[in-house]
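Asker: A single structure is presented below for examination.
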Amino acid sequence: MQRRNFIKDSGLCLAGLTILQDLHNLTKIDDHRKEGVVIATWNNQKAVEAAWKVLQENGSALNAVEEGARVPEADEKDTSVGYGGYPDREGIVTLDASIMDHEGNAGSVFFLQGIKHPISVARLVMEKTPHVYLAGEGARLFAIENGFKEENLLSEGSNKEYQEWKKKNNYSPVIGPKVHDTIGILAIDKETRLSGACSTSGLAFKMHGRVGDSPIIGSGLYVDNMIGAASATGLGEAVIKKVGSFSIVEMMRTGHSPKKACKKAIERLLDIKGPKDFQVGYIALSKEGEVGAYSLQPNFPYVVIREGKFELKYANSYF
Ligand code: SD4
């Protein structure tokens, strides 16, 4: 009898605990329904502020990440994204971008030229075509058909740097620990919908035609609305080989926190052959609104807004 009562009581206790846990999770979700969360790579403060504004006006996470990514795309001083991005070694600015929404829809542009906002073209690919990727001339024509105007994206400043680089003509397609600005931005909105965006001009003075991780779904960006989202910056070739962002979300699925998942994904880079002097930084956001980041080399900043508070943080790094 005693044993039976004990089992009954402990069963009730467990059921109680489960209910408490569920209630706790629900409260957590309710908190984020009130506010939302935004995280982005590097010191993209203005971008997360723009995204946060969308969330506070009851906008969707998708609108928030698009608005956020458009900020550095239009910023001449950001030499890794959009207008003012460093050109390739032929002197041409070529852009890559990807976007994913809470329903698992995805759109990307690769090697896009002459259009300032590749993230908005990527969104149109997602929403207006049955496809996921549009590249090069096809992507440019699609953008023009949809009302985007063609512009010269090579700023005076970036052209000057390019002219300097040409004097030495030293081809070094490696991203070192020095600061870059490629934007990966993730958001969860008041209805707990997750979305993400990633936009870049790629490696400075890269080979004409080179494409990095940023437009590749699963590498530069991945969103699974049940679990979380992740994005990457740094040497795209390394991220692509390890399908970085997808692997982070899958590790979160098995119970790892966003930070732990980013750390494990960074550790996977170590078995890539060759020197390890390149940089990769990952950011992640869970369905519960928890954020995390990790990088291979030190000095990888990322920015977060939650509960109205902006924070500039530095990720822990492997080295
Ligand atoms: C690329 N991952 O094209 C991008 C570069 C980058 O900050 O992140 N720059 O490989």
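The values are calculated or read from the model by the stated rules, or taken from the named source; none is laboratory data. Keep in mind it's a predicted model, so treat the numbers as computed, not measured. Don't worry about glycine lacking a Cβ; one is built from the backbone with ideal geometry, like all the others, and counts go over all protein chains shown.
Asker: Can you find a residue that is at pLDDT below 95, crowded, with 24+ Cβ neighbours inside 10 Å and touching a strand residue (DSSP E or B) at 6+ places or on another chain (Cβ under 7 Å) anywhere in segment 139-158?
Answerer: no
Asker: Hey, among 292, 274, which residue is in the same structural domain as residue 50 (by TED's automatic domain parsing) and part of a loop (DSSP other than H, G, I, E, B)?
Answerer: Of 292, 274, the one residue that is in the same structural domain as residue 50 (by TED's automatic domain parsing) and part of a loop (DSSP other than H, G, I, E, B) is 274.
Asker: Could you check segment 199-239 and list, in sequence order, the residues that are over 9 Å from the mean Cα position of the chain (by Cα) and in a strand (DSSP E or B)?
Answerer: 200, 217, 223, 224, 228, 234
Asker: Okay, next question. Starting from residues that are among the charged types (D, E, K, R) and crowded, with 20+ Cβ neighbours inside 10 Å, keep the ones in segment 202-216 and report whichever is nearest to residue 110 (Cα to Cα). Write out each step before concluding.
Answerer: Step one: filter segment 202-216 for residues among the charged types (D, E, K, R), giving 206, 210, 213.
Subset that is crowded, with 20+ Cβ neighbours inside 10 Å: 206, 213.
On the way: 206: 14, 213: 10 Å.
Ranking the qualifying residues of segment 202-216, first place goes to 213.
Asker: Another question, if that's okay. Checking residue 209 against (1) more than 12 Å from the ligand (Cβ to nearest atom); (2) closer than 22 Å to residue 116 by Cα; (3) at pLDDT below 95, which single condition isn't satisfied?
Answerer: Only one criterion is unmet by residue 209, namely (3).
Asker: Of all residues being surrounded by fewer than 23 Cβ atoms within 10 Å (Cβ to Cβ) and small (Gly, Ala, Ser) in segment 49-70, which is nearest to residue 185 (Cα to Cα)? Just the residue, please.
Answerer: 50
Asker: Using the structure shown, decide if residue 73 is in the same structural domain as residue 197 (by TED's automatic domain parsing), in contact with a helix residue (DSSP H, G or I) (Cβ under 6 Å, 6 or more places away or on another chain), acidic (Asp, Glu) and under 22 Å from residue 188 (Cα atoms).
Answerer: In short, no.
Asker: Restricting to segment 214-244, give me the number of residues that are within 16 Å of the ligand (Cβ to nearest atom), in contact with a Phe, Trp or Tyr (Cβ under 7 Å, 6 or more places away or on another chain) and more than 25 Å from residue 172 (Cα to Cα).
Answerer: 3
Okay, residues lined up against (1) without any contact (Cβ under 8 Å) to a residue 12 or more places away in the chain; (2) touching a helix residue (DSSP H, G or I) at 6+ places or on another chain (Cβ under 7 Å); (3) within 16 Å of residue 74 (Cβ to Cβ):
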{"residue": "120", "(1), (2), (3)": "no, yes, yes"}
{"residue": "135", "(1), (2), (3)": "no, no, no"}
{"residue": "146", "(1), (2), (3)": "no, yes, no"}
{"residue": "153", "(1), (2), (3)": "no, no, yes"}
{"residue": "158", "(1), (2), (3)": "no, no, yes"}
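Asker: Oh, and also: Restricting to segment 284-299, name every residue that is more than 14 Å from residue 194 (Cα to Cα) and touching a residue at least 40 places away in the same chain (Cβ under 8 Å). Let's see the steps before the verdict.
Answerer: Our first condition is that a residue be more than 14 Å from residue 194 (Cα to Cα); within segment 284-299, this holds for 292-299.
Matches in segment 284-299: 293, 295, 296, 297, 298, 299.
Asker: Residues to consider are 194, 203, 186; find the one that is hydrophobic (A, V, I, L, M, F, W, C) and either in contact with a Gly (Cβ under 6 Å, 6 or more places away or on another chain) or not assigned by TED's automatic domain parsing to the domain that holds residue 121 (or both).
Answerer: Going through 194, 203, 186 in turn, just one is hydrophobic (A, V, I, L, M, F, W, C) and either in contact with a Gly (Cβ under 6 Å, 6 or more places away or on another chain) or not assigned by TED's automatic domain parsing to the domain that holds residue 121 (or both): 186.
Asker: Also, quick follow-up: Name the residue that is nearest to residue 64 (Cα to Cα), counting only residues in segment 182-204 that are within 9 Å of the ligand (Cβ to nearest atom) and among the β-branched types (Val, Ile, Thr).
Answerer: Only one residue fits best here, namely 183.
Asker: Would you be able to say whether some residue in segment 175-183 is within 24 Å of residue 302 (Cβ to Cβ), surrounded by 12 or more Cβ atoms within 10 Å (Cβ to Cβ) and at pLDDT 90 or above?
Answerer: Within segment 175-183, one or more residues are within 24 Å of residue 302 (Cβ to Cβ), surrounded by 12 or more Cβ atoms within 10 Å (Cβ to Cβ) and at pLDDT 90 or above.
Asker: If residue 225 satisfies all but one of (1) closer than 20 Å to residue 258 by Cα; (2) surrounded by 20 or more Cβ atoms within 10 Å (Cβ to Cβ), what's the number of the condition it fails?
Answerer: Of the numbered conditions (1) closer than 20 Å to residue 258 by Cα; (2) surrounded by 20 or more Cβ atoms within 10 Å (Cβ to Cβ), the odd one out for residue 225 is (2).
Asker: Only residues that are within 19 Å of residue 233 (Cβ to Cβ) and acidic (Asp, Glu): list them for segment 68-88, please.
Answerer: Scanning segment 68-88 gives 73, 75, 78, 88.
Asker: In segment 1-116, which helices (runs of 4 or more DSSP H) lie fully inside it and hold 3 or more residues that are closer than 30 Å to residue 127 by Cβ and modelled with pLDDT under 95?
Answerer: Working: elements: 2-35, 45-56, 61-74.
Helices (runs of 4 or more DSSP H) meeting the threshold: 2-35.
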